[in-house]
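The values are calculated or read from the model by the stated rules, or taken from the named source; none is laboratory data. This structure is a prediction, so every number in the text was calculated from the model and none was measured. Backbone-built Cβ (ideal geometry, glycine too); neighbour counts: all protein chains shown. Surface accessibility is based on the protein's heavy atoms, side chains included, excluding ligands, DNA and RNA. Shrake-Rupley method; radii C 1.70, N 1.55, O 1.52, S 1.80 Å.
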Amino acid sequence: MDGNVLLQTAMSHLQTGQFAEAEILYQTYLRYDPKNAEVFYNHGLALQHQGKLEPAITAYRHALELKPGLIEALQNMGEAFHVRGELQAAENSYLQALALKPDHVEILNNLGIVLKDQGRLDEAIQHYQRSLQLDPQHFKAYNNLANAYKEIGLLDQAVIAYQKALELNPGHVETLSNYLFVLSIHPKCSPSQYLENARHYADIVSRLATPYLEWFALMDSAKESPLKIGLVSGDLRTHPVGFFLESILAHLNSGMIELVAYSTKPQEDALTARIKPYFTAWHSLVGLSDQTAAHKIHNDGIQILIDLAGHTAHNRLPIFAWKPAPVQISWLGYFASTGLAEMDYVLADPVSIPQSQQAHFTETICYLPDTRLCFTAPSAREIAPLPALRNGYITFGCFQNLAKLDDAVLAAWARILQESPNAMLRLQTHQLKTTAIRQLLMERLQRQGIPGERVILVEPGSRESYLAAHAEVDVILDTFPYPGGTTTCEALWMGVPTITLAGETLISRQGASMLSCAGLSDWVATDEHDYVNKAINRSNDLQALAALRNNLRQQVQDSPLFDAPRFARHLEQALTSIWDKRIAKNQPGFT
């Protein structure tokens, strides 16, 4: 084939999404002309779109060796490094590009994302704002600015920025999903308002999909074989989802359940390595379109497809709109309705979703007997004695991220400290690594009447040092309406009880569900007044606190919250029952 014709064909494939074909043609051309920077760049694009990030980065480097000022290669190399989790390398690529063109709107925005992911939220916000100064119509920058505001607990500002992004691009699925997450935790958003927006998201997504109506999985339903269950997640790693999932996977009966993983993020770690053996297959959806991913899942014969993300980061909910499996379930990683008509069930427990709140979901509620969550116990670090006995004062603690620190929470903490004049408030979270964010939090605390001298702010550390930090805390003060999950379980494991407030939504009842499951229902408050009173009364009885601390690990270890074998049996029974109902409903053939 003539070289020009080959390049034209390759470009046509690249523009129409036929990336594998484009890759082959560019590779062929480079054998004859290995000095063409633009071809190396386009070859990198074809590779990157397929999720082949390492060879894509190599291609961009070749392009830059031949043409050092090729900004597009620096930009896409930064994106590839970012997806791989190599944040410093991504930052360096973007900085090199900005040195060539300081007012490049897209690169300013992308650098902001990398800075945010490094915890440098104040710098990220500055880059988003600079991007918007240069281009007020840049909806992605508004979306990312909203993400940063959410991270530091400025939910009202986040809502405004998301709404601005959606004014500019009403059908942008990722922004709609991010917006739903913030609405799900916003204290001013009612369940009905949330559900209205979730249904709007579903309407947008459904227009982009053609749902399957027949499935291979139903053809083989009469065979006595394990249920083929697919898990879709970007969090099959060191992440709260991974912490809750690990011990459950170890106790599922492989004769009843066959697991297939569909990972939506390329990063893997030690936890990934530990859980991979529990899956018969492990597939990456990175770089695949929703249609292609749905086609793969459908052809894999998955009977029940479970989403572990909801409207959180790296979700692939639009795949579910294609209905690649005959039964689809939302579980574990999210705490509200997805809004999708194609999502059949939500797995929950009676405390998390009382019968009266089922109308908050488009999905049918499938109740697990004890709890919707089962935590994997951390390493058996020694429990320290009650710190108040040596300090002479109570230390209230909170390890939640700043997105959960609503002003109503801070106001309740202020009342607790006013009634406990010797008590201290210790806050530790990953966002407190920069001076600007620490100062912003201190200003918010002081506006609520909490003096700076009564606050201890602690920068993040390793998980080991974080667990060890519970030796400095007497009582955990939960956030509301977005309470802790992982942090509550870890605190219980370390002997530290949590005061939580039960609300009217799945997420706001998460703390109530876990504490009730662990035998601590008397630590669940019914309203803010009760929350304040419980914190004061529990902290005044040091002998009872010390006794509870000594016995709490054994108590929770014996409870369903940490009993993985028990939870695994209940999960197997629930999935089997759901599948039996699907088979009983109808069994269409395949033509």
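The stretch 329-400 holds strands (runs of 3 or more DSSP E) entirely within its bounds, and those carrying 2 or more residues that are open to solvent by 10 Å² or more (accessible area, probe 1.4 Å) map to 364-367.
Each row is one residue, and each column tells you yes or no for (1) modelled with pLDDT of 95 or more; (2) over 27 Å from E123 (Cβ atoms); (3) surrounded by fewer than 22 Cβ atoms within 10 Å (Cβ to Cβ).
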residue	(1), (2), (3)
Y142	yes, no, no
E151	no, no, yes
S177	yes, no, no
P191	yes, yes, yes
R199	yes, yes, yes
A217	no, yes, no
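In this structure, does Q439 turn out to be open to solvent by 40 Å² or more (accessible area, probe 1.4 Å) and in a helix (DSSP H, G or I)?
So Q439 fits the description; yes.
Pick from the stretch 532-549 the residues that are more than 17 Å from M424 (Cα to Cα) and within 33 Å of the chain's Cα centre (by Cα): which of them is least open to solvent (accessible area, probe 1.4 Å)? So the residue we want is R549. Scanning the stretch 244-271 for residues that are over 22 Å from L317 (Cα atoms), in a helix (DSSP H, G or I) and of a type outside the set (D, E, K, R) yields a total of 7.
Filtered by the rule that a residue be assigned to a loop (DSSP other than H, G, I, E, B) and closer than 30 Å to F480 by Cβ, the stretch 176-230 gives H186, P187, K188, C189, S190. Checking each residue in the stretch 264-292 for being hydroxyl-bearing (S, T, Y) and open to solvent by less than 10 Å² (accessible area, probe 1.4 Å) picks out only T272. Taking first residues from the stretch 562-591 that are assigned to a loop (DSSP other than H, G, I, E, B) and at pLDDT below 95 and partners that are open to solvent by 10 Å² or more (accessible area, probe 1.4 Å) and among the hydrophobic types (A, V, I, L, M, F, W, C), the Cβ contacts under 8 Å between residues at least 6 apart in sequence or on separate chains come to P588/L213; G589/M219; F590/W215; F590/F216; F590/M219.
For every residue, the table says whether it meets (1) part of a helix (DSSP H, G or I); (2) touching a residue at least 60 places away in the same chain (Cβ under 8 Å); (3) surrounded by 24 or more Cβ atoms within 10 Å (Cβ to Cβ); (4) not hydroxyl-bearing (S, T, Y).
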| residue | (1), (2), (3), (4) |
| --- | --- |
| P460 | no, yes, no, yes |
| L467 | yes, yes, no, yes |
| A471 | yes, yes, no, yes |
| Y482 | no, yes, yes, no |
| T488 | yes, no, yes, no |
| L492 | yes, yes, yes, yes |
| G495 | no, yes, yes, yes |
| I499 | no, no, yes, yes |
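One residue stands out among those in the stretch 501-526 that are among the hydroxyl-bearing types (S, T, Y) and over 22 Å from the mean Cα position of the chain (by Cα): the one that is surrounded by the most Cβ atoms within 10 Å (Cβ to Cβ), which is S516. Out of the residues in the stretch 293-317 that are open to solvent by 20 Å² or more (accessible area, probe 1.4 Å) and within 23 Å of the chain's Cα centre (by Cα), which is farthest from N143 (Cα to Cα)? By that ranking, first place goes to R316. For the stretch 126-140, which residues satisfy the criterion of being buried (at least 24 other Cβ atoms within 10 Å of the Cβ) and either touching a Ser or Thr at 6+ places or on another chain (Cβ under 6 Å) or closer than 21 Å to L432 by Cβ (or both)? Correct list: H127, Y128.
Residue pairs whose Cβ atoms lie under 9 Å apart, sitting 6 or more positions apart in sequence or on different chains, and linking a residue in the stretch 411-431 that is more than 9 Å from F396 (Cα to Cα) and touching a residue at least 40 places away in the same chain (Cβ under 8 Å) to a partner that is part of a helix (DSSP H, G or I) and among the aromatic types (F, W, Y), are A412/Y531; I416/Y531; Q428/Y466. Write out, first by first residue and then by second, each pair whose Cβ atoms fall under 9 Å of each other, whose residues are 6+ apart or on separate chains, and whose first residue, in the stretch 243-261, is more than 28 Å from T487 (Cα to Cα) and open to solvent by less than 30 Å² (accessible area, probe 1.4 Å) while the second is of a type in the set (F, W, Y) and outside any helix (DSSP H, G or I). As it stands, the answer is V260/F279; V260/W282, since those pairs meet every condition given.
Taking the residues in the stretch 59-88 that are small (G, A, S) and open to solvent by 30 Å² or more (accessible area, probe 1.4 Å) as candidates, determine which candidate is modelled with the lowest pLDDT.
Restricting to residues being small (G, A, S) and open to solvent by 30 Å² or more (accessible area, probe 1.4 Å), the top hit is G85.
Figure legend. Inter-residue proximity from the stretch 338-349: first residues under 15 Å from L305 (Cβ atoms) and of a type in the set (F, W, Y), second residues surrounded by fewer than 23 Cβ atoms within 10 Å (Cβ to Cβ) and modelled with pLDDT of 95 or more, beta-carbon distance below 8 Å, spacing 6+ or different chains. Indicated pairs: Y345/E363; Y345/T364; Y345/I365; Y345/C366; Y345/I578.
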